[in-house]
Each structure stands twice: as C-alpha cells, then as structure tokens.
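The values are calculated or read from the model by the stated rules, or taken from the named source; none is laboratory data. Owing to the predicted nature of the structure, the values given are computational and were not obtained by experimental measurement. Heads up, the Cβs are rebuilt from the backbone with ideal geometry, glycines too, and the neighbour counts pull from every protein chain shown. Please note that ligands, DNA and RNA were not included when accessible areas were found on the heavy atoms of the full protein model with its side chains. Shrake-Rupley method; radii C 1.70, N 1.55, O 1.52, S 1.80 Å.
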Amino acid sequence: MDAQLSTHIIQALAVKDCELVSQCNQETSKYGLTLTDKEITQLQVQRFEALKSSGRVEFGQGILRPLIMKFCDSQFIHKSNYAETLAALQEMFYYFKTESGDYLSDNELLTIMKSIFDGAAQGSLEYLNSMGLETICRAIKGCDVDEGDDEVYEDEEYGEEDEYDV
Amino acid sequence: MSDVSLSTTLNIEEQADFQTEIFKLLAVLVAEYTKGKSTSIPESLAKEFMESILFNLRITDDAKAIEVMTNGIHESFEKGLSLTKRKTALARRLWKKIFLSRPDLFNYSMLQTLSSIKKFPVIYDCCFFAHQNPCEIDYQLCIPVSHELKGVDYIIEYLRHLFVENAILNRFDPENCKPVLDNYCKTWQTEVLNIFEPVAETAVMLALIGEDIKSLKIGESELTKIYCILSDSTQTELAAALNTAARQVIKTMSIKSQAQKVYLLRVAENMVPRFACLLKKQVDY
C-alpha cells in the first residue's frame, strides 16, 4: 500500500464551513461587512487552491472564520474590498504558515498578520505579503528555545543504566 | 495524485470505503498532533502520518484490509498501536541483553550503534511516526536486515541479528579473534565493519580441513589445504562442502540455539560465490 493523499477525499472530509462563515455576518455586520453566499462559496474554492499551492492539507474547519473574526474590526477593510481582502489574507495565511515551518499556532500567526496589516502596512496587502514573512521569522527567532531532549532521556529514562553508557 | 491503494480483490466501493475510513483516522491524528492549534498541516507531514497509520494497521494484503474494515479502523489502529508499544518495550529489553553480553572486542561502530539504539524507546514515536527509524545504525551486520521492515520491526530484527552474531562470537576466545580481525583489517576497531563475519568464516574454513576451530589459526599451509580440497569443486560441491563445514562448527561449538545454527549456515552459504570466484582466479593465475 502506498501513502499518497487523495485530494478529492481530503476535500470531502474538510468541513465546508459555509454555514459557519455565514454566521460571521451577524458579528461583522456591525462593521458594515457582510459576505454573500456567492462570495462565501468562492472563498471556499480559493481556500482549496491556497492549500494546494502552499502544499498543505486541512481536515476540519478552515481558517476563514477565525480570519474574519480577527480582521473584521480593521479600519482598512471596507465593504467594497471585503471578500477580495479575505481571499488574499487567506492565501497569505497558508503561505506564511508553511514558510514559517508551522512554528506558530493559527492564532499567533493571525495576530502577527493583523498587527502588521493595521500597523506598518496601513492596510496594504502588498506590504503585508512582502514584509510579513520577515516579521514572522523575526518573531519566531525571538522565542526559539533549546529543548534539551538529550538530557531528558539520559537522566530520566536511563538513569539507572548509566554505568553501561557507551 | 493517487489514492491509498490496494492491489486488489476489493471492489471499487469497498476500496472507496476503506480510503474514506483511513482519511477519517488521519483527520483524528492531525487534530491530536496540532492539539487544535492549527487547522492545517503540510502535506508532507500528512503523508508521514498516513505511513504511520498503515504501519500500525499492518495491512499486508486485501484479506487483512477486509479484517481491519470489519473490526473497525479505529479499533484496529488502537490494537496495532498497542502492539507497536509492546514491540518497543521488547526492543529495549533486547538492547539491554545485547549490551550486557557484547563481545570483548572493541569496535567503535558497534558501540556507537548500540548507543544510538539505546535511545530508541524514548525517541521513537509509535503513533505519528511509527514507520520511521530514528536511530543511527552504522554497524554493518553479516546478514543484513531487509529494508522493507520499518520502524520498530526493523530495530527488533537488527537487534536479533546482532544478538545471534555476538552470541556466536562469544563462543570464541577474544584473544584468538583479534589476530583474525587484524589480518582482515588493521584498523578493525575504528572502521565501520562487521567483526563477526571474518571470525565465523575462519571457523568454517578450519572445519573444512579438520583443524582446530576454536584456535582460529589459519596460515599458508591451511590455505593450501583448503585450495587442494576445493580446487576441482563445482559450485554445487563447494556449497555442499561449506555447508558440511558449518555443521561441523555447530557440532564442535555445541551450538544448540536454532537461530545461531541457521545464521552460521547462512554465513557458509554467503561464502560460496566468493570462494568460487577466488578459486577461479587461482586457476587463471
């Protein structure tokens, strides 16, 4: 048996969170932002394209809902560019996730993206795209730790056998 | 991209069901791995998880696939995982046994390999990366382990082979083994080479000419005798002679272990093509 991943089965298993995304409209409407059913469907299609191009797979709900909830209060997102911006952010999210070696959790990555988008980028997706990865990598470097695995197993697991150490 | 495929007497519907169930299990594993902190993982990592699932399910043919489907994929996976854990514990016990009974013949690569395998029970991830072997195995066995074996199965088989080799080596006086190894390679203690094979082959050669096996002493006169006995042999006769000699070693050394007997007979078998080649060269010369 080989262990290839079947794209169509993965897509079938990935929860189509159209309904969940649709529920976000209630929350985001207070910022004047809503998505039509057509836009939600389109974003789902773009989700799978983004996953494919970034070499990732996703089995549960996608990142779209958390993305919306994180960015909906941004002063740089308007009704006119809402769906388009979400699509770009979604694509960037999966790209950053891969390029940063999955070091950050979804929430941490979204937080960094939002802070750049609202801060230095001033709503510019191009800026976020070009500078985002560098900032993320700097953030990761800052919290790099030496896990010291060797010491853990030498001391705890085989302590009683140290006399036989080779 | 192709699917998780069986080669197959299962019909298309059964195959599709099987694949879907496997992917559902993969989804569970991904959720466990990310601890809910990430909705997605790299495809390469998902493939590793898939390999690990297949390893733990131990699906070798369609019959096994049907059995797994009947018993339930999740239940079968848990059962397989439990077996993998028991095997990991066995690997640890085997390692200890081998380490404590290692021959009094220092070889750097053997000790390095044992040192690496010592960590196996701790660094081996039997759930997510059960098919992987995280150890650095430099020491070459006389009879290698099949690379089709994966994860803990490979380690156990490697340790079993090493145990047998060392058990046979321990039947000889290390002081008698050292000149044999010196003749084989002056730097045998620091080289990545097998220290069992030259000793076992010397014993078989001595048995062939009826000399003292335990002495492991082989010189010009012994080599001439071997040449005289074998020079006119066909390959079949050569194989038979070496097999008889290996049996003589087994008898002389009072070897009762079936594994050690089989191993020595295989050593003799491996000598056949090389001896045939050497004898041919002598004739040509």
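Checking every residue in segment A:96-103 against the condition of being within 13 Å of the chain's Cα centre (by Cα), at pLDDT 90 or above, of a type in the set (Ser, Thr, Tyr) and surrounded by fewer than 17 Cβ atoms within 10 Å (Cβ to Cβ) gives zero matches.
At pLDDT below 80, open to solvent by 30 Å² or more (accessible area, probe 1.4 Å) and within 14 Å of chain B (Cβ to nearest Cβ), is that true of A:Glu157?
Working: at pLDDT below 80: yes; open to solvent by 30 Å² or more (accessible area, probe 1.4 Å): yes; within 14 Å of chain B (Cβ to nearest Cβ): yes.
Considered against the rule, which asks whether it is at pLDDT below 80, open to solvent by 30 Å² or more (accessible area, probe 1.4 Å) and within 14 Å of chain B (Cβ to nearest Cβ), A:Glu157 comes out as yes.
Have a look at B:Ser82, B:Ser40 and point out the one that is within 7 Å of chain A (Cβ to nearest Cβ) and out of contact with any Cys (no Cβ under 7 Å at 6 or more places or on another chain).
When all the criteria are applied, what remains is B:Ser40.
When residues of segment B:59-78 are filtered for being open to solvent by 30 Å² or more (accessible area, probe 1.4 Å) and facing chain A (nearest Cβ under 9 Å), how many remain?
First, the residues of segment B:59-78 that are open to solvent by 30 Å² or more (accessible area, probe 1.4 Å): B:60-61, B:63-64, B:66-67, B:69-71, B:74-75, B:78.
Checking the rest, the ones that are also facing chain A (nearest Cβ under 9 Å) come to B:60.
The total comes to 1.
The numbered conditions (1) at pLDDT 95 or above; (2) surrounded by 16 or more Cβ atoms within 10 Å (Cβ to Cβ) are all true for B:Leu83 except (2).
Residue check: is B:Ser115 at the interface with another protein chain (Cβ under 7 Å from one of its Cβ atoms), more than 20 Å from B:His147 (Cα to Cα) and either at pLDDT below 95 or out of contact with any helix residue (DSSP H, G or I) (no Cβ under 8 Å at 6 or more places or on another chain) (or both)? When the stated conditions are applied, B:Ser115 passes them.
What residue, among those in segment A:71-82 that are assigned to a helix (DSSP H, G or I) and buried (at least 19 other Cβ atoms within 10 Å of the Cβ), is nearest to the chain's Cα centre (by Cα)?
Residues of segment A:71-82 that are assigned to a helix (DSSP H, G or I), as a first pass: A:71, A:79-82.
From what is left, the residues that are buried (at least 19 other Cβ atoms within 10 Å of the Cβ) are A:71, A:82.
Numbers: A:Phe71: 13, A:Tyr82: 18 Å.
Step by step, filter segment A:71-82, then rank; the result is A:Phe71.
For segment B:103-110, the criterion of a residue being open to solvent by 20 Å² or more (accessible area, probe 1.4 Å), more than 12 Å from every other protein chain (Cβ to nearest Cβ) and more than 15 Å from B:Glu21 (Cβ to Cβ) is satisfied by at least one position.
Within segment B:91-102, restricting attention to residues that are within 18 Å of the chain's Cα centre (by Cα) and open to solvent by 50 Å² or more (accessible area, probe 1.4 Å), which residue is nearest to the other protein chains (Cβ to nearest Cβ)? First the steps, then the outcome.
Applying the first criterion (within 18 Å of the chain's Cα centre (by Cα)) to segment B:91-102 yields B:91-99, B:102.
Then keep just the ones that are open to solvent by 50 Å² or more (accessible area, probe 1.4 Å); that gives B:92-93, B:96-97, B:102.
Values: B:Arg92: 9, B:Arg93: 12, B:Lys96: 7, B:Lys97: 12, B:Arg102: 9 Å.
Of everything passing the filter in segment B:91-102, B:Lys96 is nearest to the other protein chains (Cβ to nearest Cβ).
Within segment B:219-255, if we keep just the residues that are at pLDDT 95 or above and among the charged types (D, E, K, R), the residue that is farthest from the chain's Cα centre (by Cα) turns out to be B:Lys251.
Is it true that A:Thr85 is of a type in the set (Ser, Thr, Tyr) and either part of a loop (DSSP other than H, G, I, E, B) or at pLDDT below 95 (or both)? No.
For every residue, the table says whether it meets (1) β-branched (Val, Ile, Thr); (2) closer than 19 Å to B:Leu94 by Cα; (3) touching a helix residue (DSSP H, G or I) at 6+ places or on another chain (Cβ under 6 Å); (4) surrounded by fewer than 21 Cβ atoms within 10 Å (Cβ to Cβ).
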{"position": "B:Phe129", "(1), (2), (3), (4)": "no, no, yes, yes"}
{"position": "B:Pro134", "(1), (2), (3), (4)": "no, yes, yes, yes"}
{"position": "B:Gln140", "(1), (2), (3), (4)": "no, yes, no, yes"}
{"position": "B:His161", "(1), (2), (3), (4)": "no, yes, no, yes"}
{"position": "B:Glu165", "(1), (2), (3), (4)": "no, yes, yes, no"}
{"position": "B:Lys186", "(1), (2), (3), (4)": "no, no, no, yes"}
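Where residues in segment B:144-193 are of a type in the set (D, E, K, R) and assigned to a helix (DSSP H, G or I), which of them is farthest from the chain's Cα centre (by Cα)? Checked segment B:144-193; the qualifying residue farthest from the chain's Cα centre (by Cα) is B:Glu175.
Conditions tested, residue by residue: (1) within 10 Å of chain A (Cβ to nearest Cβ); (2) farther than 27 Å from B:Leu149 by Cβ; (3) open to solvent by less than 50 Å² (accessible area, probe 1.4 Å).
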position	(1), (2), (3)
B:Lys24	yes, yes, no
B:Thr34	yes, yes, yes
B:Ser44	yes, no, no
B:Leu57	yes, no, yes
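Kindly check whether there is at least one residue in segment A:22-39 that is at pLDDT 90 or above, open to solvent by 40 Å² or more (accessible area, probe 1.4 Å), under 25 Å from A:Ile136 (Cα atoms) and not aromatic (Phe, Trp, Tyr). No - not one qualifying residue is present in segment A:22-39. Among the residues of segment B:207-246, those identified as free of Cβ contacts under 8 Å to residues at least 24 places away in the same chain and open to solvent by less than 30 Å² (accessible area, probe 1.4 Å) are B:Ile209, B:Gly219, B:Ile226.
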